[in-house]
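What follows is a single structure, written as structure tokens, with notes after it.
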Amino acid sequence: MQDSAALLPRPARRVAAWCALALLVAGVGWVAVQLCVEFRTAVVPVLLALLGTALLRPFHRRLVKAHLHRTPAAALTCVAVVAVVGGAVYIVVAALIDSGDQITASLRDAARSIAEHFGAAGTSLADIASNSRSLLSRFGSTAASGVISGVSVVGEAIAMAVLALLLVFFFLRDSYKAADTLRSLAPKGSGDFLEAIARRAFHAVEGFMRGTTLIALIDSVCITVGLLVLDVPGAFGLGALVLVGAYIPYLGAFISGAVAVLVALADRGVVIALWALGVVLAVQVLEGHVLQPMIQSRTVQMHPAVVMVTITAGASVAGILGMLLAVPVTAAAFGVLHELRARYAPQGPAPSSGPTESSEPSPS
């Protein structure tokens, strides 16, 4: 009697095994995403705190090396980040408020100019620009009405920000205990493996955060200076938009650059708009071919297609916040995969540089 397992050819059995594994991984991933969405008020602060810890850990480490106790060093780091982030938010918001009406009017003029050349498509753009305030208010009311237990969006965001800040303090203060905690939770004999994976994931996130922040600052300064030289209205507000958008790779740069070019087109004409486009493209070329290889050469490198798919998936799960968190989470996942590959990938034979004593044939 023929064994039932042998009824299918070997390639079909392998495909079936891989399909079962893929379904199992997809099911576990779907459950994990649903749990994160359900408990987002707790998960989001933890993720934001991890990102903040990855960005601020070098500063905290320097304070500790300067013979400052870990607790006041962590508190001083949190105070410094509140001052810096608060000041940056104030500058960004003030720049957007001062030039927001001007940018909106310029976009409306640009939409009207496009409507004259492209008809219905441009008319729809003009309608969107003219009704932007009502669209924003409708979006805000829709978002506010969907918050669980009647808590407002602003109150929930403030609560999550405060919780994230407190978690940053505890993560910085007790970071030296992380390895021992992981070892105590790990099954017997897997402590080294779990610690190595955690370190690789955190280093990937740390490199991504520091590199992205530095690149965002350089991009924002370069584009703001270029727009000021071209006398484009709202240059500081557009530079602030570039700074915020840089944390969403590719998509954020495209949107902020397109807004800058449209504003230049509406207020300064086609020639200045082309110059503005040249400035944006030059900054993007500088980022892609100089800044990223130099700044992020030691971090996990991801293909642009993977980044775009990740951003889309994050947006579908958690909107703008998902777009911001998707790439660093994926960077951590890539760090884990690289650690697994380094540990378990088959090592090829080392190239021989010449005959050695052990490789010489023994005389018969």
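The values are calculated or read from the model by the stated rules, or taken from the named source; none is laboratory data. As the structure is a computational prediction, the values presented were derived from the model and not from experiment. Ideal geometry is used to build each Cβ from the backbone, glycine not excepted, and the neighbour counts take in all protein chains shown. Surface accessibility is based on the protein's heavy atoms, side chains included, excluding ligands, DNA and RNA. Shrake-Rupley method; radii C 1.70, N 1.55, O 1.52, S 1.80 Å.
Residue by residue, here is whether (1) aromatic (Phe, Trp, Tyr); (2) touching a Ser or Thr at 6+ places or on another chain (Cβ under 9 Å); (3) closer than 27 Å to Ala315 by Cβ holds:
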{"position": "Arg14", "(1), (2), (3)": "no, no, no"}
{"position": "Trp18", "(1), (2), (3)": "yes, no, no"}
{"position": "Ala26", "(1), (2), (3)": "no, no, yes"}
{"position": "Leu35", "(1), (2), (3)": "no, no, yes"}
{"position": "Val43", "(1), (2), (3)": "no, no, yes"}
{"position": "Gly52", "(1), (2), (3)": "no, no, yes"}
{"position": "Leu55", "(1), (2), (3)": "no, yes, yes"}
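Taking into account only those residues within the range 1-31 that are at pLDDT below 85 and part of a helix (DSSP H, G or I), which is surrounded by the most Cβ atoms within 10 Å (Cβ to Cβ)? Working first, answer last.
Just the residues of the range 1-31 that are at pLDDT below 85, to begin with: 1-13, 29.
Okay, now just the ones that are also part of a helix (DSSP H, G or I), so 4-6, 10-13, 29.
Details: Ser4: 7, Ala5: 7, Ala6: 9, Arg10: 8, Pro11: 8, Ala12: 10, Arg13: 13, Gly29: 10.
Only one residue fits best here, namely Arg13.
Tell me yes or no: at least one residue of the range 276-287 is open to solvent by 20 Å² or more (accessible area, probe 1.4 Å), under 20 Å from Ile215 (Cβ atoms) and at pLDDT below 80. The answer is yes; a qualifying residue exists. Taking the range 32-59 as the range and being farther than 20 Å from Arg173 by Cβ, surrounded by fewer than 19 Cβ atoms within 10 Å (Cβ to Cβ) and β-branched (Val, Ile, Thr) as the test, the residues that pass are Val33, Val37, Thr41, Val43. A search for C-beta distances below 7 Å between a residue of the range 60-74 that is exposed (fewer than 14 other Cβ atoms within 10 Å of the Cβ) and any residue that is assigned to a helix (DSSP H, G or I), counting only pairs 6+ apart in sequence or on different chains, returns Thr71/Arg173.
Please pick out the residue among Ala350, Ala332, Ala318, Ala313 that is modelled with pLDDT under 80 and part of a helix (DSSP H, G or I).
Working: Ala350 fails: part of a helix (DSSP H, G or I); Ala332 fails: modelled with pLDDT under 80; Ala313 fails: modelled with pLDDT under 80.
Just a single option satisfies the conditions, and that option is Ala318.
Looking at Leu251, Leu230, Leu214 in this structure, which one is in contact with a Phe, Trp or Tyr (Cβ under 6 Å, 6 or more places away or on another chain) and surrounded by fewer than 22 Cβ atoms within 10 Å (Cβ to Cβ)?
Numbers: Leu251 fails: in contact with a Phe, Trp or Tyr (Cβ under 6 Å, 6 or more places away or on another chain); Leu214 fails: in contact with a Phe, Trp or Tyr (Cβ under 6 Å, 6 or more places away or on another chain).
None of the other options fit; the residue is Leu230.
Annotation: of all residues in the range 214-269 being out of contact with any helix residue (DSSP H, G or I) (no Cβ under 8 Å at 6 or more places or on another chain) and of a type in the set (A, V, I, L, M, F, W, C), the one that is farthest from Pro328 (Cα to Cα) is Val229.
Does Arg200 meet the test of being out of contact with any Asp or Glu (no Cβ under 6 Å at 6 or more places or on another chain) and either outside any loop (DSSP other than H, G, I, E, B) or within 30 Å of Arg343 (Cβ to Cβ) (or both)? No, not satisfied.
Name the residues in the range 231-289 that are outside any helix (DSSP H, G or I) and aliphatic (A, V, I, L, M), would you?
Start the filter on the range 231-289 by keeping residues that are outside any helix (DSSP H, G or I), which leaves 231-234, 246-250.
The answer is Val232, Ala246, Ile248.
Given the criterion open to solvent by 70 Å² or more (accessible area, probe 1.4 Å) and within 19 Å of Ala333 (Cβ to Cβ), identify the matching residue among Arg199, Arg183. Don't jump to the end; show me each part of the working.
Details: Arg183 fails: within 19 Å of Ala333 (Cβ to Cβ).
Matching residue, one of Arg199, Arg183: Arg199.
Scanning the range 25-66 for residues that are closer than 22 Å to Val205 by Cα, of a type in the set (Gly, Ala, Ser) and more than 17 Å from the chain's Cα centre (by Cα) yields a total of 3.
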